[in-house]
Amino acid sequence: LERGQTPPNFVLLLPDGRYVALADLAGRPVIINFWASWCGPCRAEMPELLAAAHANPDLALLAVNVQEAPETLAAFAEEFQMDVPTVVDEEGKLSELYGVRGLPTSVFVGPDGKITRVFPGPLTTAMIAQILGDN
């Protein structure tokens, strides 16, 4: 995936039974964050991502756990008090579709529905603000 491309659409089943589709978030900035509970950098950046989502109510943060058990996701979500859409990519199909090579990886999508940045590695609050500001 590259800057300026339209990312592949997807529909995810949330733990509460609702569905979220990337296409439904058009008009809003979106961060799709691929992570795993065993990943130290993922654990370090999650509070930064959540703070960005709380500071910018228009921002949609989708937290995609890569190939872990739903119970593991639930424990992580509780530990970090995650109040954003959080799903398990059980078979790794979404991360494969998005070309994720390592964790964490974040895909930034602008309000126009185009990719503004693909960032492999952990993010800080300042980095997130800069990337969102560059949209």
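The values are calculated or read from the model by the stated rules, or taken from the named source; none is laboratory data. Quick caveat: nothing in here was measured; it's all calculated off a predicted structure. Cβ placement follows ideal geometry from the backbone for every residue including glycine, while neighbour counts extend to all protein chains displayed. Heavy atoms of the whole protein, side chains included, go into the accessibility calculation; ligands, DNA and RNA do not. Shrake-Rupley method; radii C 1.70, N 1.55, O 1.52, S 1.80 Å.
Worth a mention:
- Relative contact order for the chain: 35 percent, from Cα pairs under 8 Å spaced at least 6 residues apart, divided by residue count.
- Accessible surface, per residue, of the range 1-96 when the full set of protein chains is kept, probe 1.4 Å, Å²: 52
- Restriction of the GluC sites (Glu not before Pro) in the range 1-57 to DSSP coil positions whose beta-carbon has at most 13 other beta-carbons within 10 angstrom yields 2.
- Structure-based [θ]222 nm, the chain - -39500 (n - 2.57) summed over DSSP H runs of at least 4, per residue, nearest 500: -8500 deg cm²/dmol
- Ranking 127, 46, 82 from most to least accessible surface, computed with a 1.4 Å probe over the protein chains only, gives 127, 82, 46.
- Gyration tensor verdict on the chain (Cα atoms; rounded if a/c is under 1.5, prolate if a/b is larger than b/c, oblate otherwise): rounded
- Carbon/sulfur fraction of accessible area - the range 22-135, other protein chains in place, 1.4 Å, %: 53
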